[in-house]
């Protein structure tokens, strides 16, 4: 369909990679690597839902306006000259400035000007790549009117002149990247790099040079600051003292500097450093974890599974609240609150243990969603005497681990730490979302039951993992 030349052309589809990493966008365009495409079911689901959303927008537009599909940049120009209402799959080409773009729609305004428009699964137009893409189309069209974004929750948003500086920055930096024959120097970011298709290409080089940003808690700007003061490797940091380190961005104060040094030492030795006493609350522990679907189409996550592990903490002690569809969302929330009251009655000293702030944040958002912030159970969960206990806090406050990420799986799967393994090694939060969306689409009762069982098994392992983490902390550090 897209017959326009793209080699050495700046295209707005590069905005996603550009927003993440300069090297990634360079490798996308100029690298000669044979990257094995990962079987990313979550990304495939996003694409599938995005295409379905685009078709839904197209169907709605066709009810109100005449729509013509463009077949080339020349055909797009012809349709614009004819003044048709809407051009679908438009193709824009600026040979002089080496710009090429493919907006989903060009919609003719009453003043005769065409507004670029895209269908986006996102529920916010504030994402950097969306602002760049729509701003780029406006730039190519020399448009005065705002661009339109058809958001995933059914709302529409506009992108206007306020995004021009960001769009101009994108074009300028892309020109520089495409003109260069060498990979740009970048810092390591654990969360971003792990998800990048070039991870296996970049990671060995980071390790070979002992890139300081490989260390947990040492961000790129901190690494830049340390390098300016002569500390450019993990070895150099490991042999430093907190007193000798300069104040640099995101690395100020004795405790942060000490932790960074211990993290560097642990990188080589694999040693766990305890920097403060580990304190865990007394009481009857119930381990708690949720699974939610962010791809509901209405902009609100649907918690389809509220999972619990109760004493005696065996597989058989896994309990849960499940809802089949987003239409049952409130029912699931009410059942969750009832389950909390059941545990509250059973255990006067209840400790509801979870890992990270996600569970507490979700409870707060659900209370607001259903106007139940004054509900007695909600007040109990979120008040000063809350039973909620975030197990990530004692880990971060008290321990330095030989890890680049401090997620639950990072800690629990490590053979020299908790050493707990999930039954399905491929399972994860995105995996669970994919399985649940397959569950929603499945019509065969037997397959539907199997998918549900797999999701429940993953959530059960999550709460067993927090139990194993609790046991490890008590045995090793208390």
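The values are calculated or read from the model by the stated rules, or taken from the named source; none is laboratory data. A quick note: this is a predicted structure, and the numbers were derived from the prediction, not measured. Here the Cβ is made from the backbone with ideal geometry for all residues, glycine too, and neighbour counts use every protein chain on show.
Only residues that are touching a helix residue (DSSP H, G or I) at 6+ places or on another chain (Cβ under 6 Å) and surrounded by fewer than 16 Cβ atoms within 10 Å (Cβ to Cβ) were counted across segment 249-274, and they come to 3. Scanning segment 408-442 for residues that are over 22 Å from residue 393 (Cα atoms) and touching a strand residue (DSSP E or B) at 6+ places or on another chain (Cβ under 8 Å) yields 432, 433, 436, 437. Only residues that are within 30 Å of residue 48 (Cα to Cα) and not in a strand (DSSP E or B) were counted in segment 292-315, giving 8.
For segment 253-261, the condition holds for at least one residue, the condition being that it is part of a helix (DSSP H, G or I), in contact (Cβ under 8 Å) with a residue 24 or more places away in the chain, closer than 30 Å to residue 428 by Cα and not assigned by TED's automatic domain parsing to the domain that holds residue 114.
Does segment 164-174 contain any residue that is assigned by TED's automatic domain parsing to the domain that holds residue 56, in contact with a strand residue (DSSP E or B) (Cβ under 7 Å, 6 or more places away or on another chain) and closer than 30 Å to residue 232 by Cα? Checked against the condition, which is being assigned by TED's automatic domain parsing to the domain that holds residue 56, in contact with a strand residue (DSSP E or B) (Cβ under 7 Å, 6 or more places away or on another chain) and closer than 30 Å to residue 232 by Cα, segment 164-174 yields at least one hit.
Can you confirm whether segment 20-40 contains a residue that is assigned to a helix (DSSP H, G or I) and free of Cβ contacts under 8 Å to residues at least 12 places away in the same chain? I'd like the intermediate steps shown before the answer.
In the first step, residues of segment 20-40 are kept if they are assigned to a helix (DSSP H, G or I); the result is 20, 22-30.
Narrowing the set further to residues that are free of Cβ contacts under 8 Å to residues at least 12 places away in the same chain leaves none.
No, that holds for no residue.
Looking at residue 240, is it in the same structural domain as residue 260 (by TED's automatic domain parsing), in a loop (DSSP other than H, G, I, E, B) and either closer than 17 Å to residue 264 by Cα or at pLDDT below 95 (or both)? For residue 240, the condition - in the same structural domain as residue 260 (by TED's automatic domain parsing), in a loop (DSSP other than H, G, I, E, B) and either closer than 17 Å to residue 264 by Cα or at pLDDT below 95 (or both) - is met.
So is residue 313 at positive phi and in contact (Cβ under 8 Å) with a residue 40 or more places away in the chain or not? When the stated conditions are applied, residue 313 passes them.
In the set 46, 87, only one residue is touching a helix residue (DSSP H, G or I) at 6+ places or on another chain (Cβ under 7 Å), touching a residue at least 24 places away in the same chain (Cβ under 8 Å) and surrounded by 13 or more Cβ atoms within 10 Å (Cβ to Cβ); that residue is 87. Residues that are within 23 Å of residue 363 (Cβ to Cβ) and in contact with a helix residue (DSSP H, G or I) (Cβ under 9 Å, 6 or more places away or on another chain) within segment 380-406 comprise 380, 381, 382, 386, 387, 388, 390, 391, 392, 394, 395, 406, listed in sequence order.
Within segment 149-181, how many residues turn out to be part of a strand (DSSP E or B) and surrounded by 21 or more Cβ atoms within 10 Å (Cβ to Cβ)? Within segment 149-181, residues that are part of a strand (DSSP E or B) and surrounded by 21 or more Cβ atoms within 10 Å (Cβ to Cβ) number 3. Exactly one condition in (1) closer than 28 Å to residue 119 by Cβ; (2) modelled with pLDDT under 95; (3) in contact with a helix residue (DSSP H, G or I) (Cβ under 9 Å, 6 or more places away or on another chain) is false for residue 160; which is it? Exception for residue 160: condition (2).
Just the residues that are farther than 22 Å from residue 323 by Cα and modelled with pLDDT under 95, please, taken from segment 422-478.
First, pick out the residues of segment 422-478 that are farther than 22 Å from residue 323 by Cα: 422-426, 465-478.
Within segment 422-478, 423, 424, 425, 426, 478 qualify.
Residues that are at pLDDT below 95 and surrounded by 15 or more Cβ atoms within 10 Å (Cβ to Cβ): does segment 204-213 have at least one? Even if it seems obvious, please write down each step before you answer.
Here is the first cut: in segment 204-213, the ones at pLDDT below 95 are none.
No.
Selection of segment 238-248 for residues being closer than 13 Å to residue 227 by Cα and surrounded by fewer than 14 Cβ atoms within 10 Å (Cβ to Cβ) yields 246, 247.
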